[in-house]
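Below: the structure, in structure tokens.
The values are calculated or read from the model by the stated rules, or taken from the named source; none is laboratory data. Remember, predicted model here, so these are calculated numbers, not experimental data. Heads up, the Cβs are rebuilt from the backbone with ideal geometry, glycines too, and the neighbour counts pull from every protein chain shown. Please note that ligands, DNA and RNA were not included when accessible areas were found on the heavy atoms of the full protein model with its side chains. Shrake-Rupley method; radii C 1.70, N 1.55, O 1.52, S 1.80 Å.
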Amino acid sequence: METATWRVKAGLAQMLKGGVIMDVVTPEHAKIAEEAGACAVMALERVPADIRAAGGVARMADPARIVSIMETVTIPVMAKCRIGHFVEAQVLEAIGVDYIDESEVLTPADESHHIWKHTFKVPFVCGCRDLGEALRRVAEGAAMIRTKGEAGTGNIVEAVRHMRAVMDEIRKVQGMPEEELVAEAKALGAPLELVQQVKELGRLPVVNFAAGGVATPADAALMMQLGADGVFVGSGIFKSSDPEARARAVVQATTHYNNPAAIAEASKGLGEPMPGLDVRSLKPQELLATRGW
Amino acid sequence: MTKVGVLALQGDFAEHLLVLRRMGVSTSEVRLPADLVQVDGLIIPGGESTTISRLVDVYELRSPLVQRAREGMPLFGTCAGLVMLAREVVKDNSVVPLGLVDIQVQRNAFGRQTDSFEADLPVPAIGPEPFPAVFIRAPIVCQVGERVETMAALEDGRVVAVRQGSFLATAFHPELTQDTRLHRYFVEMVKAFGRGS
């Protein structure tokens, strides 16, 4: 009997596929998410829209808050640590979270290095903007990838940009003869063996979710049709006028992402979505996606 | 030609479809009651049983699914699929199982994700070689009814694979391995059903 194998770490992400992972800040939120059909929750001190509004340094959530959420729901509970902050990750592993998100939504602790994730028993998910970034994170031990998007904006444009970048580069690699992969690996800044795996599989070697800006059922279905394996919804649920209804609707639209009639049905009468932000109005230092490399 | 459906509401249904297609089996994804009509057998994949349970009801799949099963259509549940097939889930009201297999199951019986594990598991019905079993936040079978055959148990005796007539269920994930013996075993069940035996 062997625990914490790569197959077990990457395997949990495979079980989350086709599902919606929702940001929650209280046990009550977590219960609403579970009852709506979320396949996991992300336990946070604040949702990204509030982190953005509050400014200052955003850190790992209070372990007591995370534990109270773990005690409330039976679905997997994820939590975020700062990029490079391996002690926050050790703390999250010690309290028994099911997945760690080494996240650009929190203020980075290290501007040069991400966490070496292979040495942890708990699996990690990391954000990316393109294939090279995704494969660098996998090389460090990430067992799941998500797009960065631009968290806390309710604006899907950056998630679309990042998903298209990843999928376009995968298609390009797939069409390349073997001898061109070495130069491509150099250009991507990614290990050759992972680039070879992408060519062979025609996809990332781990599960790839969409994140950062999902606010509506149609946003979720859009990301699924672009090739996402599932969807994270951050501020989009609990910053809307009717979180229960919206949570259920996003879950349904993610399952039936190829069925416009079902997406239409799910989208009816949900009230106001979260207020959105035009990403072009943000100053460079306000962009979260540029954190990490 | 025999067609095996995979319930594609949430979870690792794509992994099951890939195993079946590599075996040359005709497949289809089942999301709506209309999809169910076209299949001769159905796999309920791994995933989150709370999510699958909810989505089964949203598009009214529950009663046609139970009806097809009672008419003899073979079902194979892995992990969350095992939970869905059970008669009862212990101390947990967040999942409403289909109640087809006379077993009582406990969700997340081994603990949290860091307790997930791999083990070589004897499954005599499919051959002498142990099966490379992957347990992820896995359930166990804590009570087995009279008509239920135990197909595999861990060294400590806990039951992790069962068969009751046309229903097969495992607490682990054969779809995450290269070993296709359990899928082949199920496809044979589906073919036998197609021949009317």
field: Candidate set from the stretch B:1-31 (those that are open to solvent by 30 Å² or more (accessible area, probe 1.4 Å) and part of a loop (DSSP other than H, G, I, E, B)); member that is nearest to the other protein chains (Cβ to nearest Cβ)
entry: B:Arg31
query: Hey, A:Val73 hits all of (1) touching a residue at least 60 places away in the same chain (Cβ under 8 Å); (2) over 21 Å from A:Glu111 (Cα atoms) but one; which does it fall short on?
result: (1)
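Show me the strands (runs of 3 or more DSSP E) found entirely inside the stretch B:40-151 where at least 3 residues are open to solvent by less than 10 Å² (accessible area, probe 1.4 Å) and under 26 Å from A:Ala40 (Cβ atoms). Even if it seems obvious, please write down each step before you answer.
On the way: elements: B:41-44, B:75-78, B:86-89, B:101-106, B:117-121, B:131-135, B:140-144.
Once the strands (runs of 3 or more DSSP E) in the stretch B:40-151 are filtered for at least 3 residues that are open to solvent by less than 10 Å² (accessible area, probe 1.4 Å) and under 26 Å from A:Ala40 (Cβ atoms), what remains is B:41-44, B:75-78, B:131-135.
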- line: Subset of the stretch A:91-131, residues within 19 Å of A:Phe232 (Cβ to Cβ) and within 14 Å of chain B (Cβ to nearest Cβ), comes to A:Leu92, A:Val97, A:Asp98, A:Tyr99, A:Ile100, A:Asp101, A:Lys117, A:Val122, A:Pro123, A:Phe124, A:Val125
message: What are the pairs with Cβ atoms under 6 angstrom where one residue, in the stretch A:121-149, is under 18 Å from A:Ala289 (Cβ atoms) and the other, located anywhere, is of a type in the set (S, T, N, Q)? Sequence gap at least six, or different chains.
response: A:Ile145/A:Asn208
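Let me confirm something: among B:Phe167, B:Phe193, B:Phe172, which residue is touching an Asp or Glu at 6+ places or on another chain (Cβ under 7 Å), in contact (Cβ under 8 Å) with a residue 40 or more places away in the chain, farther than 17 Å from B:Gly24 by Cβ and of a type in the set (Phe, Trp, Tyr)?
Working: B:Phe167 fails: touching an Asp or Glu at 6+ places or on another chain (Cβ under 7 Å); B:Phe172 fails: touching an Asp or Glu at 6+ places or on another chain (Cβ under 7 Å).
After ruling out the rest, the residue left standing is B:Phe193.
So, of the residues in the stretch A:102-151 that are part of a helix (DSSP H, G or I) and among the acidic types (Asp, Glu), which turns out to be nearest to A:Ala165 (Cα to Cα)? Show your work before the answer.
Applying the first criterion (part of a helix (DSSP H, G or I)) to the stretch A:102-151 yields A:117-119, A:131-140.
Pick out the ones that are also among the acidic types (Asp, Glu) and you get A:133, A:140.
Working: A:Glu133: 11, A:Glu140: 21 Å.
Taking the candidates together, the pick is A:Glu133.
Which is over 30 Å from B:Glu155 (Cβ atoms), more than 8 Å from every other protein chain (Cβ to nearest Cβ), out of contact with any helix residue (DSSP H, G or I) (no Cβ under 6 Å at 6 or more places or on another chain) and basic (Lys, Arg), of B:Arg54, B:Arg70, B:Arg62? First the steps, then the outcome.
Values: B:Arg54 fails: more than 8 Å from every other protein chain (Cβ to nearest Cβ); B:Arg62 fails: out of contact with any helix residue (DSSP H, G or I) (no Cβ under 6 Å at 6 or more places or on another chain).
The unique qualifying residue is B:Arg70.
Collect the residues in the stretch B:152-197 that are in a loop (DSSP other than H, G, I, E, B) and among the acidic types (Asp, Glu), keeping them in residue-number order. First the steps, then the outcome.
So in the stretch B:152-197, the residues in a loop (DSSP other than H, G, I, E, B) come out as B:154-158, B:165-166, B:171-173, B:177-180, B:195-197.
Of everything in the stretch B:152-197, those that are in a loop (DSSP other than H, G, I, E, B) and among the acidic types (Asp, Glu) turn out to be B:Glu155, B:Asp156, B:Asp179.
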field: Complete set of residues in the stretch B:84-131 that are within 12 Å of chain A (Cβ to nearest Cβ) and among the acidic types (Asp, Glu)
entry: B:Asp92, B:Asp115, B:Glu118, B:Asp120
- request: Within the stretch A:32-41, identify whether any single residue is more than 8 Å from chain B (Cβ to nearest Cβ) and more than 28 Å from B:Val134 (Cα to Cα), and answer yes or no.
  value: yes
task: Evaluate the stretch A:264-287: report whether one residue or more is open to solvent by less than 10 Å² (accessible area, probe 1.4 Å), on the phi < 0 side of the Ramachandran plot and in a loop (DSSP other than H, G, I, E, B).
output: no
query: Considering the stretch A:228-256 alone, what residues qualify as being at the interface with chain B (Cβ under 10 Å from one of its Cβ atoms) and either open to solvent by 50 Å² or more (accessible area, probe 1.4 Å) or of a type in the set (Asp, Glu) (or both)?
result: A:Asp229, A:Arg248
